[in-house]
Amino acid sequence: MLMRMGGVVLRYRGRQIDEVQLESVRRLIAQHPAISRRALSVMVCEAWNWRQANGQFSDMICRGLLLALERSGCLRLPPKKFSPHNPLAAARRKPPPVEVERTAIRCSLKDLQPLEFQQVRRSCWEPLWAGLIEEHHYLGYCHPVGEQLKYLVFAKERPIAALGFSSAARHLGSRDRYIGWSPQARKAHLHLIAYNTRFLILPWVQVPHLASHLLAQAAKRIASDWQDLYRHPVHFLETFVDTERFQGTCYRAAGWVYLGLTTGRGKNDQTFKPNRSLKAVWGHPLRRDFRRQLGVEGP
C-alpha cells in the first residue's frame with residue numbers, strides 16, 4: 001500500500017519509509033549508477049539491517065519497495081539490466097494431474113493406522129501434493145507466499161490426505177484480540193504464527209474422526225518442522241473456514257478455538273463493503289504460554 005502523510009513518504013507492506021531513508025537510497029544510486037537493481041536491494045537491506053525472521057535479507061520485498069518508490073516519482077532506479085527467470089511464474093501454472101489409486105477406503109481410524117505423516121516441502125513429493133490439491137480441493141492449487149510447509153499423509157503407502165501451512169495473515173482483528181496483541185507486538189511476532197491454507201482428505205477416503213486426528217497430529221509436529229526449515233518455531237495456528245460450505249466441526253474436535261468472523265472484504269479492498277462470503281476464524285495455541293511467546297506482557 002502506498003500513501004503520503006506527515007513525515008512518511010511511503011508505506012509498503014507494513015514498513016514506513018521517511019525522507020531520511022529515501023535520501024539514503026538516492027545516495028546509494030548516485031554512488032553506484034551502474035549497479036543492478038538486485039544488488040541495490042541487497043545494499044539497502046544491509047544499510048537498514050532489513051532481515052527476515054530467519055536472518056536472511058528481505059531483498060525480494062525490498063525490490064518491490066524500490067519499484068513502488070520509482071512509480072510514485074520519489075526516485076529513479078538504475079536501468080534494468082535483464083529479466084531474470086522467475087521460478088514463481090512456473091509455480092503459478094496449474095500442476096499436472098497425478099495418478100494415484102482411487103479404490104474406496106471405508107474403515108475405522110484404528111484399522112487405517114499406522115499413518116505416515118510426511119513433510120514434503122522442497123522434496124520430490126511436492127508435485128504430488130500440488131496435483132492432489134489442484135484436482136480435489138475446492139479452492140485448487142495456489143503457490144503460497146513466504147514461509148510454508150506441506151504435508152502428505154499415507155496409509156499403507158497410499159496418499160490419503162494433504163495439508164498446507166504458510167505465513168499468517170498480517171491483520172486479523174479477531175485473532176489479534178484473542179492473543180491480546182498491540183500493533184507493535186503483532187509486527188514483531190507475526191512470523192511465529194502459521195496459517196492452515198489447505199486441508200484435504202481425498203474423496204474416496206471415508207474414515208470417521210480422521211480429519212480431527214490429522215489436525216491434531218499436525219499441531220504436534222509443526223513447530224519442530226518449522227524450526228528445522230526456517231530456524232524458528234511457530235506457537236499458534238490459524239485458519240479460515242467458509243461458512244457457506246462448512247461448520248468447522250473437525251477443527252473444534254481437534255481443540256481449535258472459534259475466534260470470530262472476517263469482515264467479508266479482501267485484503268486489497270478499497271470500498272469498505274463486504275464483497276465475498278464470511279469466513280469463520282479458528283485458532284489453535286501450540287503451547288500454554290503462547291501469549292508470552294507472542295510478545296504479550298502480563299500473566
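The values are calculated or read from the model by the stated rules, or taken from the named source; none is laboratory data. Please read all numbers here as calculations on a predicted model, not as lab measurements. In this analysis, Cβ positions are derived from the backbone assuming ideal geometry, glycine residues included, and neighbour counts consider all displayed protein chains.
For the range 153-167, a tally of residues being at pLDDT 95 or above and under 18 Å from the mean Cα position of the chain (by Cα) returns 5. Summed over the range 143-181, the residues that are under 17 Å from Tyr258 (Cα atoms) and of a type in the set (Ser, Thr, Tyr) give a count of 2. Summed over the range 229-241, the residues that are of a type in the set (D, E, K, R) and modelled with pLDDT under 95 give a count of 1.
Within the range 247-263, being at pLDDT below 95 and surrounded by fewer than 14 Cβ atoms within 10 Å (Cβ to Cβ) holds for one residue alone: Gln247. When the range 180-198 is filtered for residues that are of a type in the set (A, V, I, L, M, F, W, C) and without any contact (Cβ under 8 Å) to a residue 60 or more places away in the chain, the ones remaining, listed by number, are Leu190, Ala194. For Leu152, the criteria (1) surrounded by fewer than 18 Cβ atoms within 10 Å (Cβ to Cβ); (2) touching a Leu at 6+ places or on another chain (Cβ under 9 Å) hold in every case but one, which is (1). Would you mind stating whether Arg102 is under 30 Å from Leu202 (Cα atoms), at pLDDT 90 or above and surrounded by fewer than 17 Cβ atoms within 10 Å (Cβ to Cβ)? Against the criterion (under 30 Å from Leu202 (Cα atoms), at pLDDT 90 or above and surrounded by fewer than 17 Cβ atoms within 10 Å (Cβ to Cβ)), Arg102 qualifies.
Say we look at the range 78-99 and pick out the residues that are basic (Lys, Arg) and under 17 Å from Gly140 (Cβ atoms); which of these is modelled with the highest pLDDT? Going through the qualifying residues, I end up with Lys94. Evaluated against (1) of a type outside the set (A, V, I, L, M); (2) under 17 Å from Thr197 (Cα atoms); (3) modelled with pLDDT of 95 or more, Lys220 falls short on exactly one condition, (2).
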